[in-house]
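Here is the structure we will look at, set down as structure tokens.
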Amino acid sequence: MDAREGRTVRKIYAASLGLLGAGAATFGYASVIERNWFRLRRFDVPVLPPGRPPVKILHISDAHLTPGRSRLIHWVRSLDALEPDLVVNTGDTLSHRDAIGPFLDALGPLLDRPGVFVYGSNDLYSPIFKNPLRYIWRTSKSDYKRHRREPDLPYRELGSSLQAAGWLDLNNRIGRLKVGELDVEFGGIDDSHINRDRYDKVAGPVDPQADVHLGVMHSPEPRNLDRFAADGYDLLLAGHTHGGQVCVPFYGALATNCGIDRPRVKGLHRHRGSWLHVSAGLGTSPKAPMRFCCPPEASLLTLVPR
């Protein structure tokens, strides 16, 4: 090998090391820093009758909690200082059989406030490793049909614990709560991602006597969003997407893992006359513990007069 060839080899070797170093640094940032860089997003939602005082909703989702996530637990607990009038949890709370106690500890004083919840697929089924690249061309819905039969996480115990605190179970149910000075009607469905949604059980026009109507679900599938909107729900709340979890600067999410379009993978948007809020979520599966350009979040939605 002559001197020129040697220099070429060294350049290729240096470039390869540089790429490996950049990849390792990116993974370290995504898995250690951004994954624990919790954000609070705030939105005003004009859905109340004229003259009604504002009402604050804390929307949490996709904690995917394991007992060791102390930063997540402490941050969620701190959200009680916002003094929300209502807490909405749109599922995928668990990622470990022993996570119920830590989640209740995370909620802490929030459990004393009015609350509602639905399940996500990961409240029933423990996480397994999947190739994250395949989310670009397909969702994970078919994985449950092929491989996951019997739930192996204590989702019923989770539900019982939340109900014992007075929270409403909205899995394929309608409910009603006094929230501040408002009479709030809820319609909710179980997770469509694992075919547990039964919208027919809650179908029908909303009660016009209620002050505001909220539709609650885990996955924002358009077929269910359409039905909630057609029945007159003012605000629809969902999670599941993780905001894309790994996003590209100036492009956004590569995939949504459901039927919602990419521009509405997170945040507040309109859907056929209703408002729709999709949470980017608090956590990640422990089998894919990273976020990039998509920090974990909770949202404070302030309902205001139209």
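Of the residues 255, 70, 236, the one whose Cα sits farthest toward the positive end of the charge dipole of the stretch 36-303, with +1 on the Cβ of Lys and Arg and -1 on the Cβ of Asp and Glu, is 255. In the stretch 36-303, taking the dipole from charged Cβ atoms about the Cα centre, the farthest positive-side position among 269, 290, 213 is held by 290.
A simple charge model with +1 on the Cβ of Lys and Arg, -1 on the Cβ of Asp and Glu and nothing else charged puts the dipole of the stretch 228-306 at about 140 debye relative to its Cα centre.
Please calculate how many Å² of accessible area the stretch 36-303 carries per residue, with a 1.4 Å probe and no DNA, RNA or ligand atoms counted. Spell out each step's value before the answer.
Working: 10840 Å² over 268 residues.
Normalised by residue count, the accessible surface of the stretch 36-303 is 40 Å².
Taking all Cα pairs closer than 8 Å and separated by 6 or more residues, the relative contact order of the stretch 36-303 comes to 26 percent. Length available on full extension from residue 209 to residue 226: 0.36 nm per residue minus the Cα-Cα distance, which gives 3.9 nm. The 3J(HN,Hα) values that the Karplus relation (6.51, -1.76, 1.60; θ = phi - 60°) gives for the stretch 249-260 are, in residue order, x, 6, 10, x, 5, 7, 8, 10, 6, 6, x, 5 Hz. Gly and Pro appear as x. With a cut-off of 14 Å, note down the residues of the stretch 41-74 whose backbone N falls inside the zone around a label point 7 Å from the Cα of residue 270 toward its beta carbon. Hits in the stretch 41-74 for residue 270 at 14 Å: 46-47.
Taking the inverse of the mean 1/r over every pair of distinct Cα atoms in the stretch 36-303 gives a Kirkwood hydrodynamic radius of 18.3 Å.
Taken about its Cα centre, the stretch 36-303 carries a charge dipole of about 1080 debye when Lys and Arg each add +1 at the Cβ and Asp and Glu each add -1 at the Cβ.
The calculated FRET efficiency for residue 82 paired with residue 149, based on their beta-carbon distance and R0 = 45 Å, is about 0.65. For the stretch 148-212, the set of trypsin sites (Lys or Arg not before Pro) satisfying both a DSSP loop assignment and a count of at most 15 other C-beta atoms within 10 Å is given as 148, 149, 198.
Seen from every direction in turn and averaged, the convex hull around the alpha carbons of the stretch 27-88 projects onto 5.5 nm².
The values are calculated or read from the model by the stated rules, or taken from the named source; none is laboratory data. What you are looking at is a predicted structure, and each value in this text was computed from that prediction instead of being measured. No Cβ is skipped: glycine too gets one built from the backbone with ideal geometry, and neighbour counts run over all protein chains shown. Each accessible area value is taken on the protein alone, full model and side chains, heavy atoms only, with ligands, DNA and RNA left out. Shrake-Rupley method; radii C 1.70, N 1.55, O 1.52, S 1.80 Å.
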